1. Given a cut-off of under 8 Å on Cα pairs at least six residues apart, what relative contact order in percent is computed for the chain?
2. Using the Kyte-Doolittle scale, find the helices of the chain whose mean hydropathy is at least 0.5 and whose Cα atoms extend 15 Å or more along the helix's long axis, counting only whole DSSP H runs.
3. Tell me the label only: which of [x] 18.8; [y] 23.0; [z] 19.4 is Kirkwood radius over Cα pairs in Å as calculated from this structure?
4. Name the residue from 139, 40, 257 whose Cα lies farthest towards the positive end of the charge dipole of the chain, charges +1 on Cβ of Lys and Arg and -1 on Cβ of Asp and Glu.
5. Given the peptides 13-21, 138-146, arrange them by the average over their residues of other C-beta atoms within 10 Å, most packed first.
6. Suppose we keep just the DSSP beta bridges with both residues in the chain; what percent of those would be antiparallel, to 5?
7. Pulled fully out, how much extra length does the chain show between residue 118 and residue 73, if you take 0.36 nm times their separation in residues and subtract their Cα-Cα distance?
8. Can you tell me which of 98-105, 29-36 comes out highest on packing, and rank the rest after it, using the mean Cβ neighbours within 10 Å?
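Taken together, the values in this text are just the output of simple stated rules run on the coordinates, not laboratory data. Computed from a predicted model, the values in this text were never measured in an experiment. Cβ coordinates were reconstructed from backbone atoms using ideal geometry, including for glycine residues, and neighbour counts include every protein chain displayed.
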Amino acid sequence: MREPRHGLRILLLWLVLSAVAVPLVYVVWGPHLPPGDMSTSAEGQRFDNAVLGAMAAPVVVGVLVYFGYALVVWRVRDGDEETDGPPLRGNVRLQATWMGVTSAVVLGVFVFGTYELIVPNGAGAGEGPAPIWKPGGEPLQIQVIAQQWRFTYRFPQFGGMETPELVLPVGQDVQFDVTSLDVVHGFWANELGVKADANPGVDDVAYTRAKRVGAFTVRCSELCGIWHGAMTTNGRVVSVADFQTWGQSAEVSQAAITKLLPPYALTYSPSAISTLTKLFTDNGLNGAGGQYYGPQYPVQP
């Protein structure tokens, strides 16, 4: 009997199933992928995940089709004592096709990834103090100060006041300047699609723009000590008018504490904040004095 054209069968099965899998991944699964669409950076990451998932779908389908076809068609049957077929060598057409297709895929992903680094938020995604690309306009500057074991946020726009709650205005570009007072931490606002290392003596810049009002959670993403798991902060996105009202009110109410803080800077040396530790802890102040132990921690090291 003439051997069937197995390659053509596998190709047709792959084409049909890939044509079904790609739109299922992108259209059905894509809108539900993390981190959501609360900000431009989150929406961009969700789009990237959907595109890469759609690109990976034909590869996964191809592996499964070939594996399934081999199990069904080429399995050893009772009484089958034939040896393996002759080896294939030097198929120039197959080699050229493989190199051409894979090169096109890799270059396409490279171009796509480079474009997505620039749009929509520039290359500032926790990539150091000098991002290559920045969003247009003048972003609102917010400093993220990490310490064991809490985050505080300083707003130079409101006199350098500092609060334990991260509040953002909707529809406005924000620049996070992330630093640490003690050990390495990680600033991770998952719903905003923002993640940046918080290193002592380093200003790590990240950008985003909130698209809608709502609440989000900030977590530490680097193991930073015994209470790392409890290092969380609530945040919210509010209207521009509400943000201005909140900021001005906080500036007035925090005036006494702001006077105790070191002058605003992108990073702080340990000596600049060490003298504030006992004062802040004893008085329950919100400033980043280092070595913060709140009442939520059952053990005072």
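1. 17 percent
2. Going by DSSP H runs, the hits are 6-23, 40-73, 92-118.
3. From the options [x] 18.8; [y] 23.0; [z] 19.4, the structure gives [y].
4. 40
5. 138-146, 13-21
6. That works out to approximately 70 percent antiparallel.
7. Result: 11.3 nm gained on full extension.
8. Highest-to-lowest ranking by the protection proxy: 29-36, 98-105.
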